Amino acid sequence: MNKVAPLKAAPASFIYMSLQNDLQSWNKHQLRFLLHKAHEDGKLCCGLKAVWNTATHRKGRLLVVEENFMEELVDDIIEKVLKDGGDVEFVEQGVLSGYQQIALIEFPPTE
């Protein structure tokens, strides 16, 4: 009778490394969907001036900023969004090229 050797469990680091590219691709796809949906719903602003105006009205749900986007106002916007209960996500350079390097998804209106 032939015996089959039991499968050895792969180390978690190997599994993570194997899936890392897929996870990054999924995250980009999910972000593009969120931005598109927010745009359709009228809940997206982009560009430094529009994002600042929305953030100062305490409407920032998710701020998305390209890495290396060096503007003095960006730090203030990040602080404001976090203080008001929103989240911040940094993305690779070029991901937000159609959004002027910074975009903000607004909270839904409260009733």
Legend entry - Within segment 44-60, considering residues that are at pLDDT below 95 and of a type in the set (D, E, K, R), the one farthest from S97 (Cα to Cα): R58
Inset, instruction - Starting from segment 35-47, take each residue that is surrounded by 12 or more Cβ atoms within 10 Å (Cβ to Cβ) and list its partners that are small (G, A, S) and assigned to a helix (DSSP H, G or I), counting only C-beta distances under 6 angstrom and pairs at least six apart or across chains. - result: L44/A38
Inset, instruction - Looking at (1) in a helix (DSSP H, G or I); (2) closer than 15 Å to E106 by Cβ, find the lone condition where I78 falls short. - result: (2)
Legend entry - Residues satisfying the stated conditions in segment 69-97, i.e. in contact with a Phe, Trp or Tyr (Cβ under 9 Å, 6 or more places away or on another chain), small (G, A, S) and surrounded by fewer than 18 Cβ atoms within 10 Å (Cβ to Cβ): G85
Legend entry - Residues of segment 52-72 satisfying the condition of being more than 15 Å from the chain's Cα centre (by Cα) and aliphatic (A, V, I, L, M): A55, M70
Inset, instruction - Considering only segment 48-64, state which residues are of a type in the set (G, A, S) and either surrounded by fewer than 19 Cβ atoms within 10 Å (Cβ to Cβ) or part of a helix (DSSP H, G or I) (or both). - result: A50, A55
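The values are calculated or read from the model by the stated rules, or taken from the named source; none is laboratory data. Because the structure is a prediction, the values reported are computed rather than measured. Note: ideal-geometry Cβ built from the backbone for every residue, glycine included; neighbour counts use all protein chains shown.
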